[in-house]
Amino acid sequence: MLTCWGAALGAAVSVPVLLLVAAPYVRRYVAGGLCKSTAKLEGKVAIITGANTGIGKETARDLARRGARVIIACRDIAKAEAAAREIRAETGNQQVIVKKLDLADTKSIREFAEKFLAEEKELHILINNAGVMLCPYSKTADGFEMHLGVNHLGHFLLTFLLLERLKQSAPARIVNVSSLAHHGGRIRFHDLHGEKSYNRGLAYCHSKLANVLFTRELARRLQGTKVTANALHPGSVHSELVRHSFVMTWLWKIFSFFLKTPWEGAQTSVYCAVAEELDSVTGQYFSDCQPAYVSPRGRDDETAKKLWNVSCELLGIQWD
């Protein structure tokens, strides 16, 4: 009997010991790939949407540390100013600027672009990072379903308005933050705005697929311009993105050990923005700082072209 109790006690003690020993290896696996580029960005201008928190903020911090002039484009100016002050103090780079941008309002997007083009003569890096996730059904100021409107159409319009400046500043890069969730997405042309049926999880997936398809078609159209366009999956990151879901927020807290930190999640964004080996790479999808598998729907050129045309119609623009 004592032998049995001793064995049970030994097993009970060994479990937490094993977990403690394994923890560093688990964390290293969760962290994923790291951007090893030492590229400097003095004289370069970068825009990062949604850079007041999460991976956007960490991306801004990294680019500022490399010497870039960084435009933090956000809806929440107070939070953005706080982030900019922190980054300026930490990096010593005083060229970290905050500009108002609400991706849920095309008027705000146009105003942002107009002011930027009047004030800045160059643009070398555009990181379309901002996004919403798991929103209850709602629409943007222009009547677009919120996920589609912010995650796809808002960045589609912003890129359109800034593209000539990117071309003039070439070599330049466009980086679109998508997600592994694109594998679960479909472009439902018959119900783009979820008016017939709506599932907020699927709506997020649909918008992330739109990011991948937009990147694919954009890269095709930009061949020969020395402006590249790539998309990425940042990983499962402990951030504010799940704030619209009580359940996901709760799960994120419980399993935070198995999630990337915002700094870790920003590594692939930084990699796509600065890595020298990507100078001429375009139309690709990355995860953990390396090429990743794209779903069959994300490789459908006909859907990509149709989505492009429909997006132009919805936004009232001509982009040939």
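Just one of the numbered conditions (1) more than 18 Å from HIS155 (Cα to Cα); (2) buried (at least 19 other Cβ atoms within 10 Å of the Cβ); (3) not hydroxyl-bearing (Ser, Thr, Tyr) is not true of GLN94: (2). Within segment 278-311, if we keep just the residues that are within 15 Å of ILE174 (Cβ to Cβ) and of a type in the set (S, T, N, Q), the residue that is least open to solvent (accessible area, probe 1.4 Å) turns out to be THR282. Annotation note: of HIS182, HIS190, HIS206, the sole residue that is of a type outside the set (A, V, I, L, M) and either open to solvent by less than 10 Å² (accessible area, probe 1.4 Å) or assigned to a loop (DSSP other than H, G, I, E, B) (or both) is HIS182. Pairs linking a residue in segment 275-291 that is in contact (Cβ under 8 Å) with a residue 24 or more places away in the chain to a residue that is part of a helix (DSSP H, G or I) and among the basic types (Lys, Arg), with Cβ atoms under 8 Å and 6 or more positions apart or on different chains, are GLY283/ARG216; GLY283/ARG220.
Just one of the numbered conditions (1) assigned to a strand (DSSP E or B); (2) hydrophobic (A, V, I, L, M, F, W, C); (3) more than 20 Å from LEU158 (Cα to Cα) is not true of ALA78; which one? Of (1) assigned to a strand (DSSP E or B); (2) hydrophobic (A, V, I, L, M, F, W, C); (3) more than 20 Å from LEU158 (Cα to Cα), only one is false for ALA78: (1). Condition check for LEU161 on (1) free of Cβ contacts under 8 Å to residues at least 60 places away in the same chain; (2) within 15 Å of THR282 (Cα to Cα); (3) touching a helix residue (DSSP H, G or I) at 6+ places or on another chain (Cβ under 6 Å): one failure, at (2). Applying the criterion of being more than 16 Å from the chain's Cα centre (by Cα) and over 22 Å from ILE317 (Cβ atoms) to the residues of segment 128-169, the residue that is surrounded by the fewest Cβ atoms within 10 Å (Cβ to Cβ) is PRO136.
The values are calculated or read from the model by the stated rules, or taken from the named source; none is laboratory data. Because the structure is a prediction, the values reported are computed rather than measured. We place every Cβ from the backbone using ideal geometry, glycine too, and count neighbours over all the protein chains shown. The protein model used for the area step is the full one, side chains on, heavy atoms only, and it has no ligands, DNA or RNA in it. Shrake-Rupley method; radii C 1.70, N 1.55, O 1.52, S 1.80 Å.
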